[in-house]
């Protein structure tokens, strides 16, 4: 059954709703910025311009880990505890699987049911399609909307596929890696570079007969971490054990995150990282859109098939062909500029 | 003392010299394509267009390994053996360290002295500066020049820093990883993704008291390889031992490479990979040059500092600012186009 058609909201409706912390309006604002419709983008831009002064005040936390590491359960436990302490917690996802398979590794709307029902929490399901660049861009804007809606802890969840960890690292202040006991990181399928991004490592499922093994795994990771460069200068990344099942270590997990937050605030790393990230967001969007624009130009669309054919036959050097295509194009623009 | 000024060569001089296999002229042609001078680029382009029909006929081999793994000594041993068998061997380097530190991890002109003196070999020192994009582009063109000069085995050497392995993988038909005995791959500083690019793994320095340990390490890597996806579909990547010192395993190393070459030729993977690589080269150059061009435009240079300042103060959403900058720019161009 089709849902009844909702009344179109004005820019002010969106801005006021988000700033008032209205979860239904926040959800609609996120849907607006996620929209692929050309018609929605100018409104989305105005909404984002309207809420920007109220953003930037949360602690942004990234969490990664292989499927099965228990991310959702752990985030639910951590989030519920934080809500009980008076925090307002938003959980987002960067899920590159959704663009490849149209499925979702991180699961869909039914995940984190308890936290979803908590009035101080907001759990956003994964955006469901688009390029990694597009998904990333919308995740960043969603994060800002959540901040404007008064959420002071934002958790961005991802799974170790392709470049998603680097994307999440570039969105957050503090990056956590969730591990399991037993297998080494090769067998867990964690890329080595990911360990080097971690500000803390948590060995999950440290409960029951698994508890002793978890303590041993923790010691192993602590040894390994000595060989890796620091993810955040001056901060020693350590491994900890935690259990989403018994709740043991959840409170300590927040202590680690909060200590990191204070440490990075005090020595300026926090502000410096945020400024650097803003610049990276800026350049990433420019690069994406510049490419899109270029390949939509009539002269390029005309010349490309011929060049492709010549390359296929080995008649032109690809680097030379690229350079010439670009030069012809930009020279044409320069000429029009001078004539104009 | 300044070297005497050399006579300027014509496009024909370069093309004929390279096609005749003249090593001195090949060296000058490579210097020409490596030149940052605007004046040299059109000549370089004509030379590349002139030699393209004579390219593509070599086996392109990539070799990586941490510093100390013995890459140079092994390449010298392999290269010398191939020259004795009647092959003509060129050795190139993609050395990202040179752009960062102005030094070179792979060593300079004095490396591989014996092979350098062999009349059937050509050892090119690392290009010494430029962006990774620039270095990469010139390495690809250098490879084509070497093929045109009649070298039928091209070895591209790199070291595991940053993205250089992925760059080399994108240039070659067959990718080899050189390892040492003893330490696991974590301690050797090899990124996990690199193991997954390998068509064969060679445990070097399998000689003297180290020989037994090498055999054990080989077995360990063979076990590990079972857990990794195949670098080349249908080809089982295996580990082997080799000694550049005693020469043991050098001949078998070539057998592995040649079997791989025959396998990939027979089932079409060879041609398919080369076509895909040509397209990647093409798009990579377009992206690099498009960005360069964009940020040199007057309107962009004018607007950028203000936007940067607004972003620093948190007054604009970076993704929105980027989008708007680009839209203003491209709309301006469209308008001129309509008027022109």
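In this simple spin-label approximation, residue A:6 and residue B:27 carry label points 7 Å from Cα along the Cα→Cβ vector, and these lie 7.1 nm apart.
Cut-off is 10 Å between beta-carbons; in what order do B:281, A:254 appear when sorted fewest neighbours first?
Values: B:281 23, A:254 17.
So the residues, fewest neighbours to most, are A:254, B:281.
Relative to the dominant Cα principal axis of chain A, helix A:71-84 is inclined by about 70°. Highest mobility in the GNM of chain A, judged by mean-square fluctuation with C-alpha springs under 10 Å and restricted to A:295, A:227, A:282, is found for A:295.
Taking the average, over residues, of other Cβ atoms within 10 Å as the packing measure, peptides A:52-65, B:46-59 rank A:52-65, B:46-59 from highest down. With a simple spin-label model that places each label point 7 Å from the Cα along the Cα-to-Cβ direction, the separation between residue A:228 and residue B:336 comes to 4.9 nm. Other protein chain C-beta atoms within 10 Å of residue C-beta, averaged over A:39-48: 2.
Packing, as the average of other Cβ atoms within 10 Å across residues, places the peptides A:311-322, A:266-277 in the order A:311-322, A:266-277, highest first.
Helical runs (DSSP H, four residues minimum) scored at -39500 (n - 2.57) apiece and divided by the length of chain A put the mean residue ellipticity at 222 nm at -16500 deg cm²/dmol. Using the Cβ-Cβ distance between residue B:213 and residue B:276 with R0 set to 51 Å, the FRET efficiency works out to roughly 0.85. Report, in degrees rounded to the nearest 10, the 0 to 90 angle that the Cα long axis of helix A:298-312 makes with the longest principal axis of chain A. Taking the Cα atoms of chain A, the angle to A:298-312 is about 80 degrees. For chain B, the longest principal axis of the Cα atoms and the long axis of helix B:210-225 meet at an angle of about 50 degrees. Starting from the Cα gyration tensor of the protein assembly as shown, take the square roots of the eigenvalues, sort them a ≥ b ≥ c, and report rounded, prolate or oblate (rounded when a/c is under 1.5, otherwise prolate if a/b is larger than b/c, else oblate). It is oblate, given that a/c is not under 1.5 and a/b is not larger than b/c.
Put a dot 7 Å past the Cα of residue A:41, heading toward its Cβ, do the same for residue B:251, and the two dots end up 6.5 nm apart.
Counting other beta carbons within 10 Å of each residue's own, what order do A:151, B:294 fall into, fewest first? Can you show the working numbers first?
Values: A:151 25, B:294 18.
By the 10 Å Cβ count, ascending, the order reads B:294, A:151.
Once the piece of chain linking residue B:54 and residue B:163 is laid out straight, how much longer is it, given 0.36 nm per residue of separation minus the C-alpha distance between them? Working shown, then result.
On the way: separation 109, 0.36 × 109 = 39.24 nm, distance 2.98 nm.
36.3 nm is the gain from fully extending residue B:54 to residue B:163.
Note: relative contact order over chain B, using C-alpha pairs below 8 Å and six or more positions apart, is 16 percent.
Largest GNM mean-square fluctuation across B:207, B:299, B:84, computed for chain B with C-alpha springs under 10 Å, falls on B:299. Other protein chain C-beta atoms within 10 Å of residue C-beta, averaged over B:305-318: 4. Sorted from shortest to longest, the distances between the residue B:57 label points of this copy and the other copies are 7.2 nm, with each point 7 Å from Cα along the line through the beta carbon. Note on residue B:302/residue B:263: beta-carbon distance plugged into 1/(1 + (r/R0)^6) with R0 of 41 Å gives a FRET efficiency of 0.15.
Shielding of B:221-229 by partners, i.e. mean partner chain Cβ atoms within 10 Å per residue? Intermediate values should be presented prior to the final figure.
Details: counts 0, 0, 0, 2, 0, 0, 3, 2, 0.
Taking the mean over all residues of the peptide, I get 1.
Values in this text are rule-based calculations from the coordinates and carry no lab data. Please read these numbers as outputs of a predicted model, since none were measured by experiment. Glycine also receives a Cβ, built like all others from the backbone with ideal geometry; neighbour counts cover every protein chain displayed.
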